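Asks: First the structure, which I've put down as structure tokens, then a few questions once you've had a look.
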Amino acid sequence: MSEIPAHHSRVRDQYPLPLAALAEPPERYAELRDKCPVVRVGLPSGDHAWLVTGFDEVAAAMTDPRLSRAALREPGAPRVVTGPDFGDNPFNLLNQEGADHARLRRLIAPAFTPHRARQWHARIEQIADELVDALVAGPRPADLHGGFAALYPIQVICEMVGAPFEDWPRLQTWTERLVSITAGTPEQRLAAREEAAAYVAALVAERRADPGDDLLSALVTARDDQDRLSERELVWLGVNLLVAGHDTTVSALSRGLYALLRHREQWELLCARPELTDRAVEELLRYAPPSEIGFMRVATEDLVLAGTPVARGEGVIPVMHAVGRDRRHVADPDTLDITRAETPHLAFGQGVHYCPGAGVARVELRVALATLARRLPALRLAVDPGDVEWVGGLLTVRPRTLPVDW
């Protein structure tokens, strides 16, 4: 292969790049997208990888079959962190490829069709209203993150999967440890993985004894009557659904609401024109996505990505959430505008790992915005936007609290 140009190969940045002030994306992303959309970065583990930030380049990397999630488990593969993490788990849906990956996605697909999302719409609306009721009845200023955004997606996915909502504190703790990059220890990540799997295994046993009209019961049937997945696959599908089924929606909602309230004219416009809700959701996914992190893949052969040679065995991190402000695809990308007709983003991924729950997530986000705009049009931040503290070291972006009043 040709020699890597010096400006590509030298390591200037350490991944993950820090958020800018006011929960804005890392400032360096704009420079990288414009000048060097594929650049070498250092990882917390001490290894190196190629960071990809441009829209076209990220889309190409996410759909290139030569960039593999499964290869993360090969001996000597680069690692984001030292010690165990979710990339080690061969039963995690995100880490599977080929026939097994396609088989497992087919099993959960019926739960996430547009028709199924419409069936859930009324219940999702009810959950949102109940949480707003509790928020209104509680002390003020209220915590819009802890009292609404963090609970709402967990309750929805618990009911869909068939897990008791009262277990949400444990699910929240396990999730934060499982999506940790630098916020937790290897021992905490491993313990969370084992505890979450044991929890779902107990739920599986309950569904075998007493099936219900929920996704986990359907998966138990597929396991026991049709032999379409192994016991470990069944358990880890349950973990995947409970964790991935709420975590990014929590962050998208909290970060999106913060962005709307920080740009007060946009919140007032949404309240005055509820027909803009669908556009607002897509614009927020572009402008304030749930993460600024990408899922690393490993090159299974030598390749060239956007003119940059990538050697077999090297890591590539396409940051799907960094692409929404690519000025090659969107005009005035640093302006939040919920009337925008074109809102290019890759918030749900691209290719075979496109989020299977994207339809339900969109319904949740639309209902949340519509409910809050209808019930609390005077909603405002109760602190200076710069005083909101953001949790670091996780795959997703979220505030510790989001104080609001109305």
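Asks: Anything in region 160-215 that is in a helix (DSSP H, G or I), buried (at least 18 other Cβ atoms within 10 Å of the Cβ) and of a type in the set (Val, Ile, Thr)? List them, or say none.
Replies: Hits for region 160-215 are 161, 175, 200, 204.
Asks: Are any of the residues in region 25-35 assigned to a helix (DSSP H, G or I) and in contact with a strand residue (DSSP E or B) (Cβ under 9 Å, 6 or more places away or on another chain)?
Replies: Yes.
Asks: Filter region 356-405 for residues that are within 28 Å of residue 238 (Cα to Cα) and not in a helix (DSSP H, G or I) and give the result.
Replies: 356, 357, 391, 392, 393, 394, 395, 396, 397, 398, 399, 400
Asks: Also, I was wondering about something else. I need the full set of residues from region 119-143 which are farther than 30 Å from residue 405 by Cβ and either touching a Leu at 6+ places or on another chain (Cβ under 8 Å) or free of Cβ contacts under 8 Å to residues at least 40 places away in the same chain (or both), in order please.
Replies: Hit for region 119-143 is 119, nothing else.
Asks: Scanning for something farther than 19 Å from residue 200 by Cα and in contact (Cβ under 8 Å) with a residue 24 or more places away in the chain, does region 236-249 turn up at least one residue?
Replies: So far as region 236-249 goes, yes, one or more of its residues are farther than 19 Å from residue 200 by Cα and in contact (Cβ under 8 Å) with a residue 24 or more places away in the chain.
Asks: For region 266-287, indicate whether the set of residues that are out of contact with any Phe, Trp or Tyr (no Cβ under 8 Å at 6 or more places or on another chain), farther than 30 Å from residue 218 by Cα, crowded, with 21+ Cβ neighbours inside 10 Å and of a type in the set (Val, Ile, Thr) is non-empty.
Replies: Within region 266-287, one or more residues are out of contact with any Phe, Trp or Tyr (no Cβ under 8 Å at 6 or more places or on another chain), farther than 30 Å from residue 218 by Cα, crowded, with 21+ Cβ neighbours inside 10 Å and of a type in the set (Val, Ile, Thr).
Asks: Further question on the same structure: For region 355-394, enumerate the residues that are touching a strand residue (DSSP E or B) at 6+ places or on another chain (Cβ under 8 Å) and under 30 Å from residue 101 (Cα atoms).
Replies: Within region 355-394, 393, 394 qualify.
The rows are residues; the columns are (1) in a helix (DSSP H, G or I); (2) surrounded by fewer than 20 Cβ atoms within 10 Å (Cβ to Cβ); (3) among the hydrophobic types (A, V, I, L, M, F, W, C).
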| position | (1), (2), (3) |
| --- | --- |
| 58 | yes, no, yes |
| 75 | no, yes, no |
| 110 | yes, yes, no |
| 116 | yes, yes, no |
| 122 | yes, yes, yes |
| 128 | yes, no, yes |
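Asks: A follow-up question, please. Quick one: which residue in 347, 311 is of a type in the set (Gly, Ala, Ser) and either in contact with a Lys or Arg (Cβ under 9 Å, 6 or more places away or on another chain) or surrounded by 22 or more Cβ atoms within 10 Å (Cβ to Cβ) (or both)?
Replies: Being of a type in the set (Gly, Ala, Ser) and either in contact with a Lys or Arg (Cβ under 9 Å, 6 or more places away or on another chain) or surrounded by 22 or more Cβ atoms within 10 Å (Cβ to Cβ) (or both) holds for just one of 347, 311, which is 347.
Asks: From the list 247, 302, 225, which one is over 30 Å from residue 385 (Cβ atoms) and at pLDDT below 95?
Replies: The conditions single out 225.
Asks: Hey, another quick one. Looking at region 354-364 only, could you name the residues that are in contact with a Phe, Trp or Tyr (Cβ under 8 Å, 6 or more places away or on another chain) and either over 22 Å from residue 325 (Cβ atoms) or surrounded by fewer than 21 Cβ atoms within 10 Å (Cβ to Cβ) (or both)?
Replies: 354, 355, 356, 357, 358, 359, 360, 363, 364
Asks: Ok, one more. Output the residues belonging to region 276-304 that are of a type in the set (Lys, Arg) and either under 16 Å from residue 40 (Cβ atoms) or part of a strand (DSSP E or B) (or both).
Replies: The one that is of a type in the set (Lys, Arg) and either under 16 Å from residue 40 (Cβ atoms) or part of a strand (DSSP E or B) (or both): 297.
Asks: Would you say residue 264 is out of contact with any strand residue (DSSP E or B) (no Cβ under 8 Å at 6 or more places or on another chain) and of a type in the set (D, E, K, R)?
Replies: no
Asks: Out of 131, 67, 104, which single residue is closer than 19 Å to residue 360 by Cα, among the aliphatic types (A, V, I, L, M), at pLDDT 95 or above and over 19 Å from the mean Cα position of the chain (by Cα)?
Replies: 131
Asks: Condition (residue is free of Cβ contacts under 8 Å to residues at least 12 places away in the same chain and not in a helix (DSSP H, G or I)) applied to region 78-88: is it met by at least one residue?
Replies: No - not one qualifying residue is present in region 78-88.
The values are calculated or read from the model by the stated rules, or taken from the named source; none is laboratory data. Since this is a predicted model, take the numbers as computed values, not measurements. Quick reminder, even Gly has a Cβ in these numbers, built from the backbone with ideal geometry, and neighbours come from all protein chains shown.
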